[in-house]
Amino acid sequence: MTNAVPDTGVAIDSAINPAWTNRAQAQAVARAAVETPDVLVIGGGAAGTTAATPLARKGWRVTLLEKGRHPRFHIGESLLPMNMPILERLGVLEQVRAIGVLKLVADFPNDDGHYNVFSFKRALNAKSDFAFHVKREEFDQMLFEHAREGVHVDQIAFADDGAITVQAGAQRYQPRYLLDASGRDAFIGSKLGIKRRNARHASAAVFSHFRSVRRRECADAGNTSIYRHGHGWAWLIPLRDDVISAGAVCFPDYLKQRKGETEAFLLRTLESVPEIAQRMQGAERVAPVHVTGNYACEYTRMHGRHWSLLGDAYAFVDPMFSSGVFLAMHSAELGANMVDAALRQPAREPRLQRAFEKCFNRGLGEFKWFIYRFTSPTMKHLFANPKDVLQVESAVVSMLAGNVFDSRPVLHRLRLFRAIYALTALGMAPAAFRGWLRRRRQVRVQVQGDTLQPGNP
Ligand SMILES: Cc1cc2nc3c(=O)[nH]c(=O)nc-3n(C[C@H](O)[C@H](O)[C@H](O)COP(=O)(O)OP(=O)(O)OC[C@H]3O[C@@H](n4cnc5c(N)ncnc54)[C@H](O)[C@@H]3O)c2cc1C
């Protein structure tokens, strides 16, 4: 096996039966040697590195291509307890502990201006009762380095079955299997036209990093704080070095009102919540303000012959519940197992792909159900007044920890929660109906643009 050194600084600009657009390009491509790894992974973010590592450990020749150069800013800073076993399997848990801020609970606002704490210790069938908040530039670089140094993530090793050709600059690749983990860039999804806006959910976000924001007291200092504002919700995530990630997720029609004055818009929105205004008194912005438009999207397919989509390149709904990195890493582990089996028994590939898709969609569906309803008056009421009847609240805490894939006791109680939700909505029918109408209106509003800025700390 060759030692692994993944490519960095490579943007893949053509794939899947590429039609080379000019003569010079065609000649360069013809001259380049064709590389034939067992597995080609596009994207060195959370999903790509998590998939590459176990596949390389299993002895497959893996090439991981990342267009950016680490460290680079990325949003997605709060991990879930269910990330911890994955980090342990990757062998990086202690490294993450060293760069992370300990997170033991999630907190949500209640009706009397305070907040309720949902401790991960109370989760039903807990597999881990803690998580971390991380600066993504540090976290992703650590995973990426691990992939490079750890276990044969192979840049230039090939096996050619002729089914897929990918080009990166003047280089061509013909992998036996292609994993697209290119995040919301959605490399394959865009090329094949299989990307769709989520028909049930639309939101957009504006966010930045600040210093000297007041943290919660004592044991709650590591909490992700979630607040509701008049047009969506807001987060404060404590990071290292006295930095707080602060952002507002907004209904698209509200975000459209910002008309260029993005920083003032962010501050106005955050400070419309009295407690945030108090915590941010004297705060100093230490990073650019980022805006990201309608990001909730889905793909009509997860696989094709010898390729699959992972992480955000397959689905991203909303940062609510901080589930993105966990879902990306979980899909990557499931995907890596599937690819390992498909490479060993190629005839079983379609069946293995279907099983992977079914399993992943089941857990994703649990998050979606909560996300679609989180800004509704009914959910607001239930989160502000939690009751652990028949361990339903403990199951909701499990969902907040990411445990939504295979724990039957949790899944059964989440069904019960849905029934409680329906009854509560009936009891507050006019408000629930108004909330439903508003959500329906929002999915038709478009906010374009993903304007991530360089230079975050
Ligand atoms: C406002 C907001 C807040 C969020 N907050 C949280 C949070 O608190 N917690 C959480 O868990 N999640 C959060 N998320 C979600 C999280 O950011 C993503 O779900 C997660 O990063 C997905 O990981 P990924 O590996 O699929 O994609 P990414 O991490 O985006 O990685 C994709 C990689 O592919 C590379 N790439 C793209 N195209 C190409 C190409 N053509 N060639 C080569 N390389 C390419 C990119 O440079 C990138 O490094 C948030 C998202 C948003 C929008």
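Data overview
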{"item": "Where N is the number of residues in the stretch 248-405, Cα Rg divided by 2.2 N^0.38 Å", "result": "1.32"}
{"item": "Of LYS127/LYS380; LYS256/LYS387; LYS58/LYS121, pairs whose Cα-Cα distance is over 32 Å", "result": "LYS256/LYS387; LYS58/LYS121"}
{"item": "Phi-based couplings in Hz for the stretch 366-371 (Karplus 6.51, -1.76, 1.60; Gly and Pro marked x)", "result": "5, 4, 4, 4, 6, 4"}
{"item": "Relative packing of peptides 367-380, 418-431, 113-126 - highest average C-beta neighbours within 10 Å first", "result": "367-380, 113-126, 418-431"}
{"item": "Charge dipole of the stretch 294-416 about the Cα centre (unit charges at C-beta), most positive-ward option of ALA328, HIS381, GLN345", "result": "GLN345"}
{"item": "Debye, to nearest 20: dipole size of the stretch 212-311, +1 on Lys, Arg Cβ, -1 on Asp, Glu Cβ", "result": "320"}
{"item": "Span from the the stretch 204-223 Cα centroid across to the the stretch 357-405 one, whole angstrom", "result": "24"}
{"item": "In order through the stretch 219-227: 3J(HN,Hα) via Karplus (6.51 cos²θ - 1.76 cosθ + 1.60), integer Hz, x for Gly, Pro", "result": "5, 8, 4, x, 5, 6, 9, 10, 10"}
{"item": "Residues with amide H under 5 Å from that of LEU239, placed H, sequence gap 5 or more", "result": "ILE244, SER245"}
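Any read-out appearing in this document is the output of simple, stated calculations on the displayed coordinates, not a laboratory observation. Not measured: the values here are computed from a predicted model. Neighbour counts are summed over all protein chains in view; Cβ atoms, including those assigned to glycine, are modelled from backbone coordinates with ideal geometry.
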